[in-house]
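Read-outs throughout are calculated quantities, based only on the coordinates presented, and are distinct from any laboratory measurement. Just so we're clear, the structure is a prediction, and the values are computed from it rather than from any experiment. In this analysis, Cβ positions are derived from the backbone assuming ideal geometry, glycine residues included, and neighbour counts consider all displayed protein chains.
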Amino acid sequence: MHYSVIVNPVAGDGKTRQVWKQAAPLITSHWDDFTVMFTKRPGHATYLAGQLARRLRGQKQQVVLAIGGDGTLNQVLNGLMENGIPKNERVPLAYLPAGTGNDFARGFGLSQNPLEALEQVLSAKKAVRITIGEYNEAIKHEHRYFLNNIGIGFDAAIVSRTNASKSKKKLNRIKLGSFSYLANALAVLYNISSFPLSVDTGRFHDHYSQAMIVISSNHPYIGGGYRIAPEVSVFDDNLELVVAERRNWLLTFWECLQLARGKLSQSRFAHVYRGQRLHYSTTSLEFGQYDGEEMGNRFVDLTVSLDHYPFWAIPHQ
């Protein structure tokens with residue numbers, strides 16, 4: 001086997017540098033044949049992975065290992081999926097979680113401890129097929145893939161505010177990064193407005209005039225461990241869309257509390273859609289995010305669907 005390692009040294013506010021120092025001796029002792037590349041700028045992981053995908057296309061016994069946060073993993077996945085490479089020629093992807101949220105690791109069954117996760121990677125003998133999300137955005141003609149979730153409105157505004165927050169780095173240093181998500185959720189709740197949303201599943205066509213939370217998920221977790229879609233798995237062929245509307249202050253706060261408790265999708269105030277293809281759109285400018293990567297403030301016309309990718313690790317059940 002040949003392993004290509006992509007390291008984002010600034011992920012997790014620099015945590016990845018320490019993870020790499022710890023992981024490098026183990027990788028060297030287990031793998032005789034590997035190369036390592038370090039990202040140097042935002043989006044560089046996508047470029048490096050795209051180069052690898054073209055060079056390794058169709059070759060056997062190749063694995064690409066991403067070391068960083070969920071954003072790094074997302075960039076590497078999108079790089080590997082560039083140019084429409086056929087499913088039987090895709091290079092297996094592995095991952096060491098070293099970010100602040102690490103939601104994909106939770107969803108897959110990968111240890112939050114990077115060295116334990118490395119053991120799961122080192123022990124693997126073959127790739128596991130996982131479900132990934134795919135989105136097409138019709139207004140800006142964007143086509144991307146996601147592993148965790150894609151959201152517009154409330155959660156995307158939280159991501160934007162959290163990424164700009166000075167307190168995020170301080171909380172990350174004491175391993176309380178998920179609290180920055182919760183703290184910023186309260187600030188966003190005070191300021192955010194509702195918006196019109198249309199949802200089309202093929203069977204249902206619904207319209208909401210006061211939408212606030214709109215999240216499509218590939219597995220249960222969001223925001224560093226909060227459960228938005230408890231019944232969805234990366235090993236199932238379904239995505240779940242959760243829609244919640246803004247109501248009076250008391251009920252809206254209660255909806256957010258249910259989101260934090262992982263029970264929003266079971267709430268009578270939430271609308272849940274499950275399927276392999278979902279379409280929804282807005283007629284107002286809203287924040288968007290996918291796997292914690294900001295999409296900006298924009299009009300949205302989204303179609304989300306499923307694809308699959310080979311993942312190189314032994315999941316903990």
Spatially proximal aspartates and glutamates relative to residue 140 (Cα-Cα < 17 Å; intrachain offsets below 8 disregarded):
286, 293, 294, 301
Over the Cα atoms of segment 2-99, what is the Rg over Rh ratio if Rh follows Kirkwood?
0.96
Rounded to the nearest 0.05, what FRET efficiency is calculated for residue 82 and residue 285 with R0 set to 35 Å and r the Cβ-Cβ distance?
0.75
Taking the Cα centre of each part, how many Å lie between segment 80-133 and segment 248-285?
28
A chain fully extended from residue 294 to residue 207 at 0.36 nm per residue, minus the present Cα-Cα distance, gains in nm 28.8 nm
Gain upon complete extension [residue 61, residue 301; 0.36 nm per residue less C-alpha separation]
82.5 nm
Normalised by the residues of the chain, what does the relative contact order come to in percent, with Cα pairs under 8 Å and at least six apart?
20
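Starting from the coordinates of the alpha-carbon atoms of segment 135-309, obtain the Kirkwood hydrodynamic radius over all distinct pairs and give the value in Å to one decimal.
This gives a value of 16.2 Å.
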Here the FRET efficiency for residue 268 versus residue 51, based on Cβ atoms and R0 = 51 Å and rounded to 0.05, is 0.55
